[in-house]
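Comments concern the structure below.
The values are calculated or read from the model by the stated rules, or taken from the named source; none is laboratory data. On a predicted model such as this, the values are computed, not experimentally measured, just so you know. Note: ideal-geometry Cβ built from the backbone for every residue, glycine included; neighbour counts use all protein chains shown.
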Amino acid sequence: MSVTMTPAAAERVKTFLTNRGKGLGLRLGIKTTGCSGLAYVLEFVDELNEDDEMFTLDDVNIIIDGKSLVYLDGIELDFVKEGLNEGFKFTNPNAKGECGCGESFNV
């Protein structure tokens, strides 16, 4: 199982955690929603759950639950700025398609 993160994403997550003042890391998961079926979820983690896997990348802990890991194996997390917009970008080799608005994907 592998997860990667660009330096830009790592710096952004470090900044969020520093500003928050606590937290073990960032949870990357999925939820059922949207036109294509699945959407990415990002949230801070203060305590690990039993089925969590933790990946430490550039001094940042990325936590993925066992159910989501099947869909996220090999994913790369990036942080991009495009004009006035900025946000996390997911490059997921398991995604077979995305909805037109880019909010959800399917496998």
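Applying the condition of being more than 27 Å from Asn19 (Cβ to Cβ) and either buried (at least 16 other Cβ atoms within 10 Å of the Cβ) or in contact with a strand residue (DSSP E or B) (Cβ under 8 Å, 6 or more places away or on another chain) (or both) to the range 34-53 and asking which residue is modelled with the highest pLDDT yields Asp51. How many residues does the range 24-47 hold that are of a type in the set (A, V, I, L, M, F, W, C) and in contact (Cβ under 8 Å) with a residue 60 or more places away in the chain? Adding up the residues that qualify gives 3.
The strands (runs of 3 or more DSSP E) found wholly in the range 1-82 and carrying at least 2 residues that are closer than 22 Å to Lys96 by Cβ and in contact with a helix residue (DSSP H, G or I) (Cβ under 9 Å, 6 or more places away or on another chain) occupy 25-33, 37-45, 75-82. Out of everything in the range 1-33 that is among the hydrophobic types (A, V, I, L, M, F, W, C) and more than 14 Å from Asp52 (Cα to Cα), what residue ends up being surrounded by the fewest Cβ atoms within 10 Å (Cβ to Cβ)? Looking at the filtered set, the residue picked out is Phe16. If you go through the range 48-63 and pick out every residue that is over 21 Å from Thr15 (Cβ atoms) and touching a residue at least 12 places away in the same chain (Cβ under 8 Å), you end up with 5. State yes or no: is Thr15 more than 27 Å from Val107 (Cα to Cα) and over 15 Å from the mean Cα position of the chain (by Cα)? When the stated conditions are applied, Thr15 passes them.
Step by step: first the residues of the range 73-86, then only those that are at pLDDT 90 or above and of a type outside the set (Asp, Glu), then the one that is nearest to Met1 (Cα to Cα). Which residue is that? If you could, list the steps in order and put the result at the bottom.
Step one: filter the range 73-86 for residues at pLDDT 90 or above, giving 73-81, 86.
Cutting the leftovers down to of a type outside the set (Asp, Glu) gives us 74-75, 77, 79-81.
Numbers: Gly74: 7, Ile75: 10, Leu77: 15, Phe79: 22, Val80: 25, Lys81: 28 Å.
Filtering the range 73-86 for residues that are at pLDDT 90 or above and of a type outside the set (Asp, Glu), the one nearest to Met1 (Cα to Cα) comes out as Gly74.
So which residues in the range 68-85 are within 14 Å of the chain's Cα centre (by Cα) and of a type outside the set (Ser, Thr, Tyr)? Can you show your working first?
First pass over the range 68-85, keeping only residues within 14 Å of the chain's Cα centre (by Cα): 68-80.
Of everything in the range 68-85, those that are within 14 Å of the chain's Cα centre (by Cα) and of a type outside the set (Ser, Thr, Tyr) turn out to be Leu69, Val70, Leu72, Asp73, Gly74, Ile75, Glu76, Leu77, Asp78, Phe79, Val80.
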